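Down below is the structure, laid out as structure tokens.
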Amino acid sequence: MPASFKKYTALLTSSFLLLTSLFLFSLSGATSRLLLAARDRLGLTQAPATDNLPPEAAFTTVALGGFRGILADLLWMRAGRLQDEGRFFELAQLSDWIARLQPRSPAIWAYHAWNMAYNIPALLPDPTDRWRWVKAGISLLRDDGMALNPGSARLHRELAWLYLHKLGTDDDATAPYYRAQFAKEAPPLPDPALCASLDARFGPLDWTLPQAHAIYWATAGLPFARTDFDDLALRRIVYQSLFQLLASGHPKYRLPTLQFLRETAARHPNTPALPNLIQALSTGGQ
């Protein structure tokens, strides 16, 4: 067989394979569009497939199609190794890539925010730098993750927990500094009507305190709670925040806390801790 014919055959085969790959790649993207549209039509997604997505995220969602999940899996494997090795700064960048590949996954945003708010600050000696990363984790959930997953009870819970635990407790030795900075920089909340209703029910609340923001975001997530677990987890953050306010010297929250505990116990009668909390608070304990 002439050498020229072999070259021609090889070139033809390569061209065929390339065109076939491009066709399958395009078909994958088109199929992904149909599947995402069907999920939206059947109510299986919490937001339209690519509405409000950043351009790069919308591109990966549509163009990569099924390959997006494979790439994300590979990046998750890499993220696990970085986590084990304590390379949290690199993990932050990698998590950002994963979030762009799977922007509708609350678990990814929660993982990314946890790394930024907990792991990275632990490596830094300067309180200013630590606070910058804690704020970044909060902002990631509030401004990015929840914007793309507005009906996620989990992201509401994760955000409320950051306010309750990272800022509200002293598990992090820098927490007093965080609270002082938060009091100066506390962002406005998106639903003034909800703030007013919480003031009427519990307060008035001091909106420069992280516990007030924890109560706000946990309450805002309750309409999206699809399981008893989600409902109870969000309610726990509300009453734990109220207990923190009581412990810090605000007795006016005792009766609203007691009322909320009774309401929660009525919704979750098989939760053994609730009657004990109600009994303790009814007899004047905190």
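Worth a mention:
- Amide proton proximity set for Leu124, modelled H, under 5 Å, gap of 5+: none
- Segment 105-286, relative contact order in percent, only Cα pairs under 8 angstrom and at least six apart counted: 17 percent
- Cβ-based charge dipole, segment 174-286, positive-most Cα from His250, Ala218, Ala186: His250
- Segment 151-197: proportion of alpha-carbon pairs further apart than 14 angstrom, %: 63 percent
- Each residue of segment 230-235 is assigned a 3J(HN,Hα), and the resulting list reads 4, 4, 5, 4, 5, 5 Hz, derived from the Karplus form 6.51 cos²θ - 1.76 cosθ + 1.60 (θ = phi - 60°), x at Gly and Pro.
- Segment 181-286: trypsin sites (Lys or Arg not before Pro) in DSSP loop, at most 15 other beta carbons within 10 Å: Arg226
- Cα gyration tensor, segment 86-176 - rounded (a/c under 1.5), prolate or oblate: oblate
- Fraction of the pair-distance distribution of segment 105-286 above 20 Å, Cα-Cα pairs, percent: 54 percent
- Farthest toward positive dipole pole in segment 105-286 [+1 Lys/Arg, -1 Asp/Glu at C-beta], among Trp207, Tyr239, Ala113: Tyr239
Rule-based calculations on the coordinates, nothing more; no lab input. These figures come from a predicted structure and were not determined experimentally. Don't worry about glycine lacking a Cβ; one is built from the backbone with ideal geometry, like all the others, and counts go over all protein chains shown.
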